[in-house]
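The values are calculated or read from the model by the stated rules, or taken from the named source; none is laboratory data. Just so it is clear, the structure is predicted and the values come from calculations on it, not from any experiment. Heads up, the Cβs are rebuilt from the backbone with ideal geometry, glycines too, and the neighbour counts pull from every protein chain shown.
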Amino acid sequence: MDTVLILMHVEKDAAPAKSALEALGAAKDIAEASEAQLAIGLVGESLQAAANHIVGCGASRLVGVMGAEFGQSRYGSDIVAAEAVCRAVNPTIVIVPATSRWNRVVAGLAHRLGGRADTHVTELAAAKSGPTITRWYYRQRMEAVLQRTQRPWVIALETGCHASWNGDVGTAKIELVAAVVPEAAKRTTVTGVKAPVSGQQTIRPDAELLFVAGAGWTKKQSDGQAHVPEADSLIRGFLQVTNASLGSSKSLVDLRKDGQAVLTFMTHLNQIGQTGSSPRHLKGLSTCCHGEEPHAVGWRFISERRAVNLNPNCGWASGKADVLYVADAFEVMRKVNALLAAKQAQ
Ligand SMILES: Cc1cc2nc3c(=O)[nH]c(=O)nc-3n(C[C@H](O)[C@H](O)[C@H](O)COP(=O)(O)OP(=O)(O)OC[C@H]3O[C@@H](n4cnc5c(N)ncnc54)[C@H](O)[C@@H]3O)c2cc1C
């Protein structure tokens with residue numbers, strides 16, 4: 001009988017992350033459709049809290065690799081932990097959430113098991129004959145639907161692509177397996193995490209809305225002047241109230257290297273498009289943005305798209321947005337922020 005294994009990294013005394021619960025939802029669908037067994041593999045410093053959270057999912061086995069050395073994100077310990085779970089379970093399909101930590105080990109894991117790996121999978125379709133995956137190529141311009149005959153097949157599922165598994169909490173019994181971390185791997189130690197303080201972080205993958213800012217925010221306006229500080233405060237104010245994620249056109253993030261006045265919180269990490277990212281959010285609002293790449297590629301996975309542009313003939317904004325507001329984005333966002341502030345004050 002086939003076995004579908006879902007692998008999760010878990011945090012100490014915490015429920016699994018949303019991305020792990022989404023991958024669990026997908027794994028359960030795949031197992032049910034192909035009448036396979038479902039197994040769960042947990043890796044972390046302590047596993048009980050996470051295991052209790054998912055015990056109701058109907059998995060036939062809950063296998064774990066536990067210990068302080070498996071709490072940190074490090075290839076050398078992650079790969080031996082994943083391999084130990086796989087050797088214990090002997091799965092045909094292995095599904096992992098596409099976190100940076102799992103993405104780093106899936107190729108090595110497939111190699112050690114004599115299988116194949118696919119990353120950046122955006123859809124897993126269940127069928128009796130086995131799963132079919134969907135992924136994008138050529139910077140999200142071409143979509144491919146694939147099946148593989150090789151087993152085990154290791155699949156990294158992107159976040160936001162499947163409904164999370166949700167069920168009753170209980171008391172789980174974990175089958176612990178040993179994994180030996182090689183001495184060479186211990187040379188790498190995670191000494192801490194550096195991240196922007198909460199509130200300054202503008203990339204929010206779980207946000208409902210992606211707000212895209214284009215270079216128009218820094219251009220001379222109808223009075224012949226640029227108004228970068230006002231643009232800065234309008235965008236920042238909107239993000240603070242809505243918790244939207246911030247995307248940018250390439251032209252806007254490139255201004256910094258050109259020595260021009262820039263939006264202080266914007267970096268190249270915010271760039272969307274062909275040479276940027278294609279994030280997944282339910283809604284998108286593009287402002288002062290004209291480019292093909294942000295609209296055609298950066299917005300690829302946005303379901304409801306609106307744009308504000310002064311130019312009614314902006315081909316990409318009008319071609320790719322469901323609604324184009326031909327308006328001054330400064331005026332629009334001043335008004336939007338005032339309405340949001342009034343709503344908050346109620
Ligand atoms: C190989 C290659 C890869 C590229 N990859 C990317 C990529 O990944 N991502 C990307 O973004 N670009 C990419 N580009 C660049 C891209 O082609 C465009 O040049 C860029 O996206 C344009 O940025 P923009 O729309 O912000 O600026 P602009 O083209 O300068 O447009 C500014 C817009 O703001 C509007 N505007 C000005 N003031 C206001 C106002 N007050 N209210 C409303 N609207 C206003 C204007 O009408 C105009 O439409 C790439 C280019 C190449 C050649």
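The single condition among (1) under 13 Å from Phe211 (Cα atoms); (2) surrounded by fewer than 21 Cβ atoms within 10 Å (Cβ to Cβ); (3) within 6 Å of the ligand (Cβ to nearest atom) that Ala329 does not satisfy is (2).
Counting only strands (runs of 3 or more DSSP E) that sit completely within segment 137-225, those holding 3 or more residues that are crowded, with 19+ Cβ neighbours inside 10 Å and either assigned by TED's automatic domain parsing to the domain that holds Thr242 or not β-branched (Val, Ile, Thr) (or both) correspond to 153-157, 209-213. Being over 25 Å from Arg280 (Cα atoms), in contact with a His (Cβ under 8 Å, 6 or more places away or on another chain), in the same structural domain as Val94 (by TED's automatic domain parsing) and not hydroxyl-bearing (Ser, Thr, Tyr) is a property that Val43 has.
Taking Ala127 as meeting all but one of (1) within 16 Å of Ile6 (Cα to Cα); (2) surrounded by fewer than 20 Cβ atoms within 10 Å (Cβ to Cβ); (3) over 25 Å from the mean Cα position of the chain (by Cα), write down the number of the exception. Going through (1) within 16 Å of Ile6 (Cα to Cα); (2) surrounded by fewer than 20 Cβ atoms within 10 Å (Cβ to Cβ); (3) over 25 Å from the mean Cα position of the chain (by Cα) one by one, Ala127 breaks only (1). Looking at Glu183, is it out of contact with any strand residue (DSSP E or B) (no Cβ under 8 Å at 6 or more places or on another chain) and either without any contact (Cβ under 8 Å) to a residue 40 or more places away in the chain or more than 16 Å from the ligand (Cβ to nearest atom) (or both)? It is true that Glu183 is out of contact with any strand residue (DSSP E or B) (no Cβ under 8 Å at 6 or more places or on another chain) and either without any contact (Cβ under 8 Å) to a residue 40 or more places away in the chain or more than 16 Å from the ligand (Cβ to nearest atom) (or both). Hey, can you tell me all the residues within segment 1-36 that are surrounded by fewer than 17 Cβ atoms within 10 Å (Cβ to Cβ) and in contact with a helix residue (DSSP H, G or I) (Cβ under 7 Å, 6 or more places away or on another chain)? Listed by number, the residues that qualify are Asp13, Ala14, Ala15.
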